[in-house]
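Here's the structure we're looking at; comments come further down.
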Amino acid sequence: MAMAKLIAENRRARYDYFLEDTMEAGLVLLGTEVKSLRNGRANIAESYASAENGEIVLINANFPEYSKANRFNHEPKRPRKLLLHRKQIDKLTGAVQRDGRTIVPLRLYFDDKGRVKLEIALAKGKKAHDKREATAERDWKREQSRLMKERG
C-alpha cells in the first residue's frame, strides 16, 4: 500500500465502533463510478456492508454522478458488491449473524495498480458511555502531551 491514493475515509467509525478485524476488499464498479472516484468525490460515512445471498454488499455509499457521462451515468447510492475470498465472506457473515457485529467501511482508496479498494472492519457498536470514555481518554492524552511539551 505504498502508493495508495485516499479517496474517502470514514472518520466516525473509530468513534462509533470498537474495530476488531480489518481486511481489504475490491469493488464491482461501473466505468462512470471509477471516473467519479478519480475526481476524488465519494462519501462512505453513512455506509455499511451487509451479507446478502452469500455475498457482501456495500450499502448507502455515495459515489456522485460523473458530470461528463450523460445518460449512461450510474445510480449514486446503488448497492455495490465487494470482492472477497469465500473464507473471508464466511467469516464476516458468521460474525454478523452469530455475534451481531457490523461490517464498517473505513477507507476507500486506489491501490498501487490503480484499482479501487475498500478497507472494511468487523466492528462492535459502542454505547454512549464508551464514547464518553474514549473522548475523555483522548482529551487526557492531548493534555498530557501539552504538559510534557511545556516542561521541556
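The values are calculated or read from the model by the stated rules, or taken from the named source; none is laboratory data. Everything numeric in this text was worked out from a predicted model, so none of it was measured. Ideal geometry is used to build each Cβ from the backbone, glycine not excepted, and the neighbour counts take in all protein chains shown.
Below, the figures for the structure above:
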item	result
Out of ASP112, ASP90, sole residue that is at pLDDT 85 or above and more than 29 Å from LYS127 (Cβ to Cβ)	ASP112
Candidate set: region 101-152, residues that are part of a strand (DSSP E or B) and among the small types (Gly, Ala, Ser); chosen: the one farthest from ILE56 (Cα to Cα)	GLY125
Verdict on ILE44 being closer than 30 Å to ALA128 by Cβ, under 12 Å from the mean Cα position of the chain (by Cα) and modelled with pLDDT of 85 or more	no
Contacts under 9 angstrom Cβ, first residue in region 115-131 being touching a residue at least 24 places away in the same chain (Cβ under 8 Å) and buried (at least 18 other Cβ atoms within 10 Å of the Cβ), partner of a type outside the set (D, E, K, R) and in a loop (DSSP other than H, G, I, E, B), 6 or more apart	VAL116/LEU29; LYS117/MET1; LYS117/ALA4; LEU118/ILE44; LEU118/ALA61; ILE120/LEU84
ASP111 touching a strand residue (DSSP E or B) at 6+ places or on another chain (Cβ under 6 Å) and over 17 Å from TYR48 (Cβ atoms)	yes
